[in-house]
Structure formats: structure tokens, C-alpha cells
Amino acid sequence: MATPGFWSHQEKAQATVAELKSLSTIVKPMEEALASAEDLNTMIEMADEDPSFARELPGELSRLEKRVADLKLKALLSGPHDGAGAIMTINARDGGTDANDWAEMLLRMYTQWAQKNGYTVELLDRQDNDEAGINSASIAIRGPMAYGYLRGETGIHRLVRISPFNSEGKRQTSFAAVDVSPEITNETEIVIDEDDVREDTFRASGAGGQHVNKTSSAIRLTHMPSGIVVQCQNERSQHKNRAMAWKMLRARLARIEDEKREAEEMAKYQKQAKTGFGSQIRNYFLHPDQRVKDARTKYSVGNFQAVLDGEIQEFLDSFLRWKAGQVE
């Protein structure tokens, strides 16, 4: 990073900085754990002579065990793209206006989680619903191991509550689909034949002043062999929207490659994990009682509002442990 001209190529420089941060999240805790182990050995030796050190041993041992447990969890983030940023798309599914509202609630939940953990969030695309909430939205979450932590969020999220949009106060079940892909760099080899991609331009919608109604700056790409559709309209420049849309497409195709590798790995153990874009992965209940339960790991909490405020780290960690347990 100290090399002259390092910052001349911004994208490459930022990728290097991101890689440094990802490595630091592993190396620094490892160094701290090793230092703690040395301190513990010293304390054990001194405890023979001074009982006060013996009294401190249980607390020091507990701290070391926690550090080792955290390192074991981070060791599960070993996929080829786990250190990358995450591109997340949220789509409202069945449930009418409630589903649109639910999709926006999930968008806020993931944004809150990212901000609480020091990640940056960039809005790539947002399609507002006429009545309430959103039809869809795409965001980029950038920071150490963002994709590694969030990749298990891909799937259907189900909400059960008394509908605020129903005058009779009836219970409503709503669904939203979350899709997470790695934000890969241009150096990552994902081959796409441009003849396989159809590009459509359209006028951006939503906030943005008069500009959005005057120019067809929004870009939609359709990868015909896979059926993948991505779009970006957040930038005013059509050129920038096109570049980001291609980045999103490459990310989706990279995730498909990851899923193929995982399927081959699971086939060795004659197991198939119930994960993926079409699988229902988590239930959120506001009625008759408040709780959130993961359908795969069975991990649950009783504080619905805390989860919606971004307190989802335990769900992410429990998924990593569950996934690792499937190949043991």
C-alpha cells in the first residue's frame, strides 16, 4: 500500500485494502489468542508460588476459550468468495401489500446489521410499491467476510402478523425472497458471452428529482442461458448503472458456481442441504406470540423487534455451525 502509484488504480487499490481487512480479522484474533495462551502458561507457573494468580486462572481460561471459539467460527468462512462483499437482492413475494412492507422491513434489518458491524451499505436498485414498502431492492454490503456471513440468508423469509393493511385486523402471512451473491473483483474469472446477454434500458423510478423522468439511465440485463435478470438504476449515469449491472450479473453467476461445488461436496456424504433461493429458511412471528425461528438450524429467539433492528448475528453463526455439521 506504501508503493508509489498504489492509489492510481482505485478499484484495484480498494480490493487490496478489503483483502487486508479480511486477513486482519483472522490474523489479529489469532495473535491475541496465542499471546493469551502464553500468558496463561506463565500464570499457571506462578500460581504454584502465589495463590492470587490461581484465583485469576478461571477468568483468563474463560477468555481464551471464547477467543478460540470465535476463531473456530471464522475458520468456517473458508469458501472461495467468503471474504468478498455481498450483493443482496430482496423481492416481495406472496402476501400483497403486506409482502411489500415485509420486504422493506428485511431491507432495514440487513442495513441495520451491516451498520452495527462496521460494514458499508450501498443502494444499487430500489423499486417502491405504490401503496407501501418495496417490490424489490438490491444493496451491496462491503466489509470483512460479508458474503461469508450473509450467504446463508438466501431463501424465503416468512412473516406472520396481524396485518396493518387489513381493516378487519386479520392475521396475514407474507413472504419475501432474499438472494445473496459475492461481490467479486474483475480479476475473478467469470466468463460471460456477451451474445448471451440482452440489455434493456428504461427510465428510473423513485426518488431522484426530475432527472429520473427524463432519461433512460436504468439498465436491465438478462442472461438468457440461466434466466438470471439483474438491474441497476441508482446512478444517474447510464454508464455507471451498466457497469454495476454487469458486476451484479457476474456475482450471481459466481454464486451458482459456488452452489455447484457445494452440491458436489454434499453428494460425497449423500446429503443435500435444504438451502437456496426457493427454500423457506426462517419464520418471523408477531402473532400469536413473538419469536423468530430458523427452519434449518432450529435456532430461535423471542425478541422479534431486536431481530428486525439488526440483531441477527447469532442466526448467521448458527447457520455456519449447522452447515459445517452436515459434512462431519
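Return the subset of 66/293; 240/260; 72/247; 12/247; 21/240 for which the Cα-Cα distance in this structure is over 21 Å, preserving the input order. Listed pairs above 21 Å: 66/293; 240/260; 72/247; 21/240. A helix-only calculation puts the chain at -14500 deg cm²/dmol for mean residue ellipticity at 222 nm, using -39500 (n - 2.57) for each DSSP H run of at least four residues, averaged over all residues. The eigenvalues of the Cα gyration tensor, multiplied by 5 and square-rooted, give the range 23-75 an equivalent ellipsoid with semi-axes of 26, 10, 6 Å from largest to smallest.
Here each label is just a point 7 Å from Cα along the line to Cβ, and for residue 62 and residue 26 those points are 3.1 nm apart. Beyond 18 Å in Cα-Cα separation lie the following of the pairs 28/116; 116/323; 28/74; 74/323: 28/116; 116/323.
Efficiency by 1/(1 + (r/R0)^6): what FRET value for residue 46 and residue 299, r their Cβ-Cβ distance, R0 = 35 Å, to the nearest 0.05? FRET efficiency, residue 46 to residue 299: 0.30. Each of the peptides 34-43, 224-233, 243-252 was scored by the mean count of other Cβ atoms within 10 Å over its residues; in descending order, highest first, they stand as 243-252, 224-233, 34-43. Compared with the alpha-carbon gap, the fully stretched path from residue 168 to residue 190 is longer by 2.8 nm at 0.36 nm per residue.
Volume per residue for the chain equals 189 cubic angstrom (convex hull of Cα atoms). On the basis of the beta-carbon distance and an R0 of 41 Å, residue 19 and residue 287 show a calculated FRET efficiency of 0.35.
Every number in this text was worked out from the coordinates using simple rules, so none of it is lab data. On a predicted model such as this, the values are computed, not experimentally measured, just so you know. Cβ sites come from the backbone with ideal geometry, for glycine too, and all protein chains shown count toward neighbours.
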